[in-house]
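The values are calculated or read from the model by the stated rules, or taken from the named source; none is laboratory data. Just so you know, these numbers come straight off a predicted model, no measurement behind them. Counting neighbours? That spans all protein chains shown, and the Cβs are built from the backbone with ideal geometry, glycine included. When the accessible area is computed, the model is the full protein with side chains, heavy atoms only, and any ligands, DNA or RNA have been set aside. Shrake-Rupley method; radii C 1.70, N 1.55, O 1.52, S 1.80 Å.
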Amino acid sequence: MNFDFSDDQRLLQEAVRTMLAETSTSQAVREVLEGRASHCDTVWRNLIGMGAATAAIPEQYGGAGLGYLELCLVAEEAGRHLAAVPLCSSIYLAAETLLRAGSKAQKQRWLPRIASGELIATAALGSRERYRAGTPLGFDGETLSGSSPALVDGGSAGLAVLRAGNELVLVELDGKGVSRRPLPTLDPTRPLAELHFDHTPAERLPASRAAAVASRVLDGAAVLLAFEQVGGAARILQQTRDYSLERQAFGRRIGSFQALKHKMADIYTAIELARVHAYYGAWALSSDAPELPRAAAAARVAATRAYVFAAEEGIELHGGIGFTWEMDCHLHYRRARHLGQLIGSEHAWRARLADTLIEEAA
């Protein structure tokens with residue numbers, strides 16, 4: 001049995017990797033980091049044009065119609081190259097919720113605009129911590145009031161899919177009664193914003209079970225973010241290895257010291273463990289298997305731990321220069337911490353994993 005991706009899927013991954021190596025450079029990422037752009041427009045247009053970002057959107061709605069396995073590989077490369085693009089907000093969350101909960105008319109109206117890159121969308125479905133706490137948004141059937149904190153790409157999005165109590169609603173963000181407030185964040189390359197609504201026109205998504213749809217979308221996003229985290233962790237390990245073979249101390253390359261070898265071996269082990277869980281999650285996501293909640297939670301926990309560990313150790317193994325602004329180590333540390341909190345923390349997903357295991361045992 002072949003547990004790996006196919007040759008055609010690997011060719012897509014290689015094409016995306018080549019493109020991102022040329023466009024998602026440290027300089028391009030830092031332009032977003034320093035507030036000179038909301039995202040890397042060139043990278044985003046290329047991902048859209050290649051059909052990579054829209055791999056899981058059906059062709060009838062303007063997507064590439066490939067599948068989730070291909071999107072997982074695109075996510076891995078986006079994480080490897082620190083792509084500052086609205087991949088999570090527009091694709092993992094908003095487009096996926098529209099596909100699963102929207103009416104035919106809503107899908108036909110909005111998905112082609114998302115797939116073409118004309119429109120950036122975002123979504124707030126409630127992280128794992130917020131499921132039991134509810135949401136401050138109120139929807140009266142026609143208008144939306146309240147606030148939605150920490151929306152990914154909320155400052156530049158033109159459309160939002162939000163969970164208001166037991167309903168999912170669709171709201172245009174250039175409509176009346178919408179105000180935005182940028183939020184300070186550890187990783188400005190994936191900006192956050194708080195949105196306030198004051199009787200803003202909105203429409204209901206016809207899904208009968210908002211909680212079930214939100215949970216399914218978040219499970220899929222957890223798998224895709226796990227691939228981003230694995231890609232980022234692998235990149236920082238590669239950079240650390242390369243640096244250790246160049247830097248010299250006491251007349252020899254620092255990579256020859258046993259202590260550094262042990263640390264890099266620990267990073268590698270954590271990454272490969274996360275990769276195994278991510279692959280299992282990719283299978284469950286692509287086949288819509290009943291094991292998806294467990295697989296997504298395990299992938300989320302393992303990949304979060306691996307990326308944070310790799311980023312922290314990578315800075316230390318670079319020595320004094322690793323703490324400087326000029327090095328890219330802090331970019332990975334920012335991204336690792338940011339992704340670790342997006343859609344719920346590691347602790348919330350660990351609790352989710354425990355719950356699914358208990359349910360299966362019962």
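Considering 312, 291, which residue is touching a residue at least 12 places away in the same chain (Cβ under 8 Å), closer than 23 Å to residue 349 by Cα and not aliphatic (A, V, I, L, M)?
312
Evaluate the following for residue 348: is it within 24 Å of residue 92 (Cα to Cα) and either open to solvent by less than 50 Å² (accessible area, probe 1.4 Å) or acidic (Asp, Glu) (or both)?
It is true that residue 348 is within 24 Å of residue 92 (Cα to Cα) and either open to solvent by less than 50 Å² (accessible area, probe 1.4 Å) or acidic (Asp, Glu) (or both).
To keep it simple, each residue is scored yes or no on (1) more than 25 Å from residue 282 (Cβ to Cβ); (2) open to solvent by less than 30 Å² (accessible area, probe 1.4 Å); (3) acidic (Asp, Glu).
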{"residue": "176", "(1), (2), (3)": "yes, no, no"}
{"residue": "187", "(1), (2), (3)": "no, yes, yes"}
{"residue": "195", "(1), (2), (3)": "yes, yes, no"}
{"residue": "199", "(1), (2), (3)": "yes, no, no"}
{"residue": "205", "(1), (2), (3)": "yes, yes, no"}
{"residue": "220", "(1), (2), (3)": "no, yes, no"}
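Only one of 61, 68 is of a type in the set (Phe, Trp, Tyr), under 26 Å from residue 3 (Cβ atoms) and either open to solvent by 10 Å² or more (accessible area, probe 1.4 Å) or touching a residue at least 60 places away in the same chain (Cβ under 8 Å) (or both). Can you tell me which?
Residue meeting the stated conditions: 68.
Name the residue that is least open to solvent (accessible area, probe 1.4 Å), counting only residues in segment 298-336 that are within 26 Å of residue 148 (Cβ to Cβ) and either hydroxyl-bearing (Ser, Thr, Tyr) or out of contact with any helix residue (DSSP H, G or I) (no Cβ under 7 Å at 6 or more places or on another chain) (or both).
Among them, the one singled out is 304.
In the set 291, 326, 359, which member is closer than 22 Å to residue 70 by Cβ, out of contact with any Leu (no Cβ under 9 Å at 6 or more places or on another chain) and of a type outside the set (Ser, Thr, Tyr)?
Being closer than 22 Å to residue 70 by Cβ, out of contact with any Leu (no Cβ under 9 Å at 6 or more places or on another chain) and of a type outside the set (Ser, Thr, Tyr) holds for just one of 291, 326, 359, which is 291.
Return the only residue of 102, 138 being among the small types (Gly, Ala, Ser), crowded, with 21+ Cβ neighbours inside 10 Å and farther than 27 Å from residue 335 by Cα.
102
Residue check: is residue 32 within 20 Å of the chain's Cα centre (by Cα) and over 30 Å from residue 168 (Cα atoms)?
For residue 32, the condition - within 20 Å of the chain's Cα centre (by Cα) and over 30 Å from residue 168 (Cα atoms) - is met.
Is one or more of the residues making up segment 141-149 in contact (Cβ under 8 Å) with a residue 60 or more places away in the chain, more than 20 Å from the chain's Cα centre (by Cα) and open to solvent by 10 Å² or more (accessible area, probe 1.4 Å)?
yes
Just give me the residues in segment 213-254 being in contact (Cβ under 8 Å) with a residue 40 or more places away in the chain and not in a helix (DSSP H, G or I), in sequence order.
247
For segment 182-212, what are the residues that are of a type in the set (D, E, K, R) and either part of a helix (DSSP H, G or I) or under 23 Å from the mean Cα position of the chain (by Cα) (or both)?
The answer is 187, 190, 194.
Quick check: is even one residue across segment 112-121 surrounded by fewer than 16 Cβ atoms within 10 Å (Cβ to Cβ), within 21 Å of residue 64 (Cα to Cα) and modelled with pLDDT of 95 or more?
Checked segment 112-121: at least one residue is surrounded by fewer than 16 Cβ atoms within 10 Å (Cβ to Cβ), within 21 Å of residue 64 (Cα to Cα) and modelled with pLDDT of 95 or more.
Based on this model, can you work out whether residue 288 counts as within 30 Å of residue 125 (Cα to Cα), acidic (Asp, Glu) and exposed (fewer than 14 other Cβ atoms within 10 Å of the Cβ)?
The answer is yes for residue 288.
What number of residues within segment 58-115 are among the small types (Gly, Ala, Ser) and on the phi > 0 side of the Ramachandran plot?
The number of residues fulfilling the criteria is 3.
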